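Worksheet: the structure to be examined is printed underneath.
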Amino acid sequence: MKLVFLGTGGTYPSKLRNVTSIAVQMPGEVLMFDCGEGTQRQLMHSSVSFMRISKIFITHLHADHFLGLPGLIQSMSLNGREEPLAIFGPRGTKTNVNSMLRLGYFKCAFDVKTKDLRPGTELRFPGYKIESREASHSVPSLAFSLEEDPRPGRFDVKKAELLGIPEGPLFRRLQEGGTVSLGGRKISSDQVLGPKRPGRKMVYSGDTKPSKAITSLARGADVLIHDCTLDSTHSKLASDFGHSTATEAAQVAKDAGVGILFLVHISPRYDDTSILEEEARSIFPDSHVAKEFSEHVVRLRE
């Protein structure tokens, strides 16, 4: 699981930052969270192939979070894409995407499947699940978690040897959760494996004020990517427009017990983001303002 920050700014593109979009490279596919204006060009400067994107999750329908979809879809089509693309978002997403697909003289060469999600929806895919929660913004908005399926527990070689299992293919089958036959006995994986271990978990808040729902969603996550539009001297302005300050984002990370915090949706007013990072680190030390095109590999927990 590798995170690639394609855009980290909010409201409109600036000289330093494009608007928000995050790609997550998974085995065999790429997931995208939000797709602001200019995202397709950001992809071309990144390590991510836009042709491998299988699913796009839109947090809400403010332009800086979805306006990149028409251009990206057209580029995919013009480059010969045939595989379907799935787009998920809050209510109104399907209507808006269908309207965008009718813009100009263009016919998409592949299927675009769009689905509106309600807060609390859980989507299961091979190897992982996506869960949505309601964010506290000025329009219908969702926060998303991406969580891998639990991994098998550690293989206990001593237990296997005591059961008379020879090292080799039978070990491998048990490590993968299967059952083996040996001398008329059936031996199951739970006889030689420890407790299941968690997969990796990433949570993206989208645009939001501090929210108990998002704190709950982020509980124990390896990575939290959270709205940090302003510093705390502008806390009223942030609240009025449904956003968070660096202090508030860091408090969510601390309360949720996450591994690392990345701050995104930075206001164009900030050329120097050190004030945001310092403010967040005073509460949650492992806080970072995400940089354009920076990458973060989410490591497996033991």
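The values are calculated or read from the model by the stated rules, or taken from the named source; none is laboratory data. This is a predicted model, so every value here is computed, not measured. With ideal geometry, Cβ positions are generated from the backbone for all residues, glycine too; neighbour counts draw on all protein chains shown.
Between 47, 14, the distinction of being assigned to a loop (DSSP other than H, G, I, E, B) and surrounded by fewer than 16 Cβ atoms within 10 Å (Cβ to Cβ) belongs to 47 only. Just the residues that are assigned to a helix (DSSP H, G or I), hydrophobic (A, V, I, L, M, F, W, C) and closer than 16 Å to residue 247 by Cβ, please, taken from the range 203-232. Within the range 203-232, 214 is the sole residue that qualifies.
Count of the range 75-96 residues, restricted to those that are in a loop (DSSP other than H, G, I, E, B), closer than 21 Å to residue 59 by Cα and not small (Gly, Ala, Ser), is 3. Taken over the range 1-54, residues that are without any contact (Cβ under 8 Å) to a residue 40 or more places away in the chain, charged (D, E, K, R) and farther than 21 Å from residue 208 by Cα amount to 4. Could you say whether any residue in the range 246-254 is in a loop (DSSP other than H, G, I, E, B) and assigned by TED's automatic domain parsing to the domain that holds residue 41? Scanning the range 246-254 turns up no residue that is in a loop (DSSP other than H, G, I, E, B) and assigned by TED's automatic domain parsing to the domain that holds residue 41.
Applying a threshold of 7 Å to beta carbon distances and a minimum spacing of six or more residues, or different chains, the list of pairs starting in the range 227-256 at a residue that is within 14 Å of residue 214 (Cα to Cα) and ending at one that is of a type in the set (Asp, Glu) and outside any loop (DSSP other than H, G, I, E, B) reads 243/227; 244/227; 249/227. Name the residues in the range 163-194 that are in contact with an Asp or Glu (Cβ under 9 Å, 6 or more places away or on another chain) and without any contact (Cβ under 8 Å) to a residue 12 or more places away in the chain, would you? Correct list: 167 only.
Taking the condition surrounded by fewer than 16 Cβ atoms within 10 Å (Cβ to Cβ) and closer than 16 Å to residue 20 by Cα, does residue 244 pass?
For residue 244, the condition - surrounded by fewer than 16 Cβ atoms within 10 Å (Cβ to Cβ) and closer than 16 Å to residue 20 by Cα - is not met.
Looking only at the range 53-63, decide whether some residue is over 20 Å from the mean Cα position of the chain (by Cα) and at pLDDT 95 or above. The answer is no; no qualifying residue exists. Here residue 119 meets the list (1) surrounded by 20 or more Cβ atoms within 10 Å (Cβ to Cβ); (2) touching a residue at least 60 places away in the same chain (Cβ under 8 Å); (3) touching a helix residue (DSSP H, G or I) at 6+ places or on another chain (Cβ under 8 Å) almost entirely, failing just condition (1).
Within the range 249-297, the residues that satisfy the criterion of being buried (at least 17 other Cβ atoms within 10 Å of the Cβ), among the hydrophobic types (A, V, I, L, M, F, W, C) and farther than 16 Å from residue 221 by Cα are 264, 266, 276, 280, 283, 289, 290. The single condition among (1) within 29 Å of residue 150 (Cβ to Cβ); (2) in contact with a Ser or Thr (Cβ under 6 Å, 6 or more places away or on another chain); (3) assigned to a loop (DSSP other than H, G, I, E, B) that residue 137 does not meet is (1). Within the span defined as the range 227-234, one or more residues are modelled with pLDDT of 95 or more and within 17 Å of the chain's Cα centre (by Cα). If you go through the range 152-166 and pick out every residue that is in contact with a helix residue (DSSP H, G or I) (Cβ under 8 Å, 6 or more places away or on another chain) and part of a loop (DSSP other than H, G, I, E, B), you end up with 3.
Quick check, is residue 54 surrounded by fewer than 17 Cβ atoms within 10 Å (Cβ to Cβ), of a type in the set (S, T, N, Q), in the same structural domain as residue 202 (by TED's automatic domain parsing) and in contact with a strand residue (DSSP E or B) (Cβ under 7 Å, 6 or more places away or on another chain)? Spell out the reasoning first.
On the way: surrounded by fewer than 17 Cβ atoms within 10 Å (Cβ to Cβ): yes; of a type in the set (S, T, N, Q): yes; in the same structural domain as residue 202 (by TED's automatic domain parsing): yes; in contact with a strand residue (DSSP E or B) (Cβ under 7 Å, 6 or more places away or on another chain): yes.
When the stated conditions are applied, residue 54 passes them.
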